[in-house]
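The structure appears right after this line, and notes come after that.
The values are calculated or read from the model by the stated rules, or taken from the named source; none is laboratory data. What you see is a predicted model; the values in this text were computed from it and never measured. Quick reminder, even Gly has a Cβ in these numbers, built from the backbone with ideal geometry, and neighbours come from all protein chains shown. Heavy atoms of the whole protein, side chains included, go into the accessibility calculation; ligands, DNA and RNA do not. Shrake-Rupley method; radii C 1.70, N 1.55, O 1.52, S 1.80 Å.
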Amino acid sequence: LTLETLDEIRMKTRDRNIPVYFDVHSLTLGVRNDFSRFRQPVETWRRWLFMLHAVQMNEAEAAALTPEGYDERNLVKQGLALNTRALVITRGGAGCTVFVTEKKQIVRHDIPGTPAGGVVDPTGCGDVFGAAYCAHFVHSGNVQAAAAYANVVATAKAGMIGSSSLDKLSLFQLDKADLKEATA
């Protein structure tokens, strides 16, 4: 996805009330000559985060995103000022945090992690989180509930090795109490 393509998507969706969700994951990755990857700041980060429904990033991506080296508090303040409705920072086993603006004030919602149990493999958890968030938000319209639900689904994925078993990830395998609590 190029920045120009994202701009076109924003223009086509803004008057139609279609939420645009963006995961900054690969945006912060550079590639060395030996093809190894490294975190790098993004000069145009403000343009990437402008006017989106929600932006997802993990803690390492949040720390690396801005050339200014903003800490999390200042990144959130700057990011939400860009007319982005929610900024979601995933924290692995510690859960996630959703930042939104309510009545011109930044509100922080910390969603605790749930135990993954057994083997923990983070491969694909961010993608699963994003997909679950979007699916839940489309039905509920609730940012906090969507993030809580996504957290539970990503935790279920963490209990699977690799990404080849994603087809086995079924909502019916999730503990009903976790789902009820996450979507309440």
For region 22-43, which positions are closer than 26 Å to Val143 by Cα and open to solvent by 60 Å² or more (accessible area, probe 1.4 Å)? His25, Ser26
Determine which member of the set Thr90, Thr114 is in contact with a Gly (Cβ under 7 Å, 6 or more places away or on another chain) and of a type outside the set (Gly, Ala, Ser). Thr90
Looking only at residues that are assigned to a helix (DSSP H, G or I) and open to solvent by 100 Å² or more (accessible area, probe 1.4 Å) in region 1-16, which one is nearest to Ala62 (Cα to Cα)? Glu4
Among the residues of region 76-105, which ones are of a type in the set (Lys, Arg) and open to solvent by 70 Å² or more (accessible area, probe 1.4 Å)? Lys77, Arg85, Lys103, Lys104
Quickly run through region 1-56 and pick out the residues that are hydroxyl-bearing (Ser, Thr, Tyr) and closer than 22 Å to Phe129 by Cα. Tyr21, Ser26, Thr28
Let me confirm something: among Pro67, Pro19, which residue is surrounded by 15 or more Cβ atoms within 10 Å (Cβ to Cβ) and either touching a residue at least 24 places away in the same chain (Cβ under 8 Å) or of a type in the set (A, V, I, L, M) (or both)? Pro19
Would you mind stating whether Phe129 is among the aromatic types (Phe, Trp, Tyr) and touching a residue at least 24 places away in the same chain (Cβ under 8 Å)? yes
Residues that are open to solvent by 40 Å² or more (accessible area, probe 1.4 Å) and either modelled with pLDDT of 85 or more or in contact with a strand residue (DSSP E or B) (Cβ under 8 Å, 6 or more places away or on another chain) (or both): find the helices (runs of 4 or more DSSP H) completely inside region 106-184 holding 1 or more of those. 125-140, 143-158
Do we find a residue being closer than 16 Å to Arg91 by Cβ and in contact (Cβ under 8 Å) with a residue 60 or more places away in the chain anywhere in region 135-144? no
